[in-house]
Amino acid sequence: MRSRAATLPAVLLIVAGLIAVLHGTLHAYTVYPAKHLYDITKDFLQPSDITIGKDHQIYVLDGVNNCVKCFDAQGRYLFAFGVKGTQKGEFNSPLGIASDKAGRIYVADTQNHRVQIFTPGGEWLQSVDVVSAKGEKPSDPTDVAIDESKQQMYVVDNDNHHVLVFSLPGYKQIASWATEGDQRNQLQYPFFIAVGIDSSVFVVDVINTRVQVYKPTGDVVGTIGGWGVDLGQFYRPKGICIDPDNQIFVSDSYLGAIQVFNRYGNLKGVIGDEKGDVLKWKTPVGIAVDDRGRLYVVDMIANQVNVYELIGKKINKP
């Protein structure tokens, strides 16, 4: 299960809360202004995630089309790799994507129950099977993240409510974090994952409407967010990324907004436009921020990627 339909009262609550946020009637808040640069559209069909590789090449996971599409730093199409299937380099409903410092591309090949690894040019390198434990459902890897400093790869297993840890470079499973539930160090249908510059691991805990923060040893050190429609809260958090200043960006696929938090989970603001108005997307899912201060947003239902420049000067709204 990767999502849950909202009831009518819940939808009305979302709409009312979002209107209040957009009009600034809840309380004072801070806008992180972003200047729109361009959009990427290339026959996408519900794209889900994005990663920025070497030379600022842009890799978009076009999962329903079972491929990865690559664009240059200006958003111009370069090439694609992958088709539907079970063989090397083929995909079955992949959802998450990541890259490492060498430019290798890691794809959470969800329904093939594995992670596949490719060169920056899309050539297949290796597959890592994501194996379920006895009594579990078939593995459902929805995302992958790499921490080269700790020599670990993290894989989210959505249906089994945990995070699996693999050693690098051998890709041997060495740990499993969390069980199903809503308590500390429990997850309910986790989705995307990111690693901070201090090696903290941030897991989007969708049904629990929060982000759980782990040490690379698997110890929980905090949470971000909580259920609600006010600033600092989530209804359906999905995407997450960390910028070079260790700020945490989280997208909410129902509220259509992206919020920014510090390392300790304190709300710093919400992404808006140059006028200070909160930006809203149809269904923001995967997000990324590169070292040039560009924000990339995969708007799944709109079938496009929106690219912005983070201006840097925050706007305080009364």
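The values are calculated or read from the model by the stated rules, or taken from the named source; none is laboratory data. Because the structure is predicted, anything quoted here is derived from the model rather than measured. All Cβ positions, glycine included, derive from the backbone under ideal geometry; neighbour counts span all protein chains shown. Accessible surface is based on the protein model in full, side chains and every heavy atom, while ligands, DNA and RNA are left aside. Shrake-Rupley method; radii C 1.70, N 1.55, O 1.52, S 1.80 Å.
State all residues of segment 64-84 that are in a strand (DSSP E or B) and in contact (Cβ under 8 Å) with a residue 40 or more places away in the chain; if no residue qualifies, say none.
Of everything in segment 64-84, those that are in a strand (DSSP E or B) and in contact (Cβ under 8 Å) with a residue 40 or more places away in the chain turn out to be Val68, Cys70, Phe79, Ala80, Phe81.
Touching a residue at least 40 places away in the same chain (Cβ under 8 Å), out of contact with any strand residue (DSSP E or B) (no Cβ under 9 Å at 6 or more places or on another chain) and either of a type outside the set (A, V, I, L, M) or open to solvent by 30 Å² or more (accessible area, probe 1.4 Å) (or both): is that true of Gly170 in this structure?
Details: touching a residue at least 40 places away in the same chain (Cβ under 8 Å): no; out of contact with any strand residue (DSSP E or B) (no Cβ under 9 Å at 6 or more places or on another chain): yes; either of a type outside the set (A, V, I, L, M) or open to solvent by 30 Å² or more (accessible area, probe 1.4 Å) (or both): yes.
Taking the combined requirement at face value, the residue does not satisfy it.
How many residues are open to solvent by 20 Å² or more (accessible area, probe 1.4 Å) and either β-branched (Val, Ile, Thr) or in a strand (DSSP E or B) (or both) when one looks only at segment 290-307?
Here the count works out to 3.
What are the pairs, 6+ residues apart or on separate chains, where a residue within segment 200-214 that is without any contact (Cβ under 8 Å) to a residue 60 or more places away in the chain and under 19 Å from Gly96 (Cα atoms) has its Cβ under 8 Å from a residue that is buried (at least 24 other Cβ atoms within 10 Å of the Cβ) and among the hydroxyl-bearing types (Ser, Thr, Tyr)?
The qualifying pairs are Val201/Tyr154.
Only one of these conditions is not met by Glu136: (1) under 18 Å from the mean Cα position of the chain (by Cα); (2) part of a loop (DSSP other than H, G, I, E, B); (3) within 19 Å of Gln186 (Cα to Cα). Which number is it?
(1)
Condition first: without any contact (Cβ under 8 Å) to a residue 60 or more places away in the chain, closer than 18 Å to Val289 by Cα and out of contact with any Gly (no Cβ under 7 Å at 6 or more places or on another chain). Now tell me which residues in segment 50-63 satisfy that.
Asp55
Which condition number in (1) within 28 Å of Leu267 (Cβ to Cβ); (2) exposed (fewer than 14 other Cβ atoms within 10 Å of the Cβ); (3) at pLDDT 95 or above is the one that Ala28 fails?
It fails just one condition, (3).
Quick one: which residue in Asn65, Asn92 is surrounded by 15 or more Cβ atoms within 10 Å (Cβ to Cβ) and touching a helix residue (DSSP H, G or I) at 6+ places or on another chain (Cβ under 6 Å)?
Details: Asn65 fails: touching a helix residue (DSSP H, G or I) at 6+ places or on another chain (Cβ under 6 Å).
The conditions single out Asn92.
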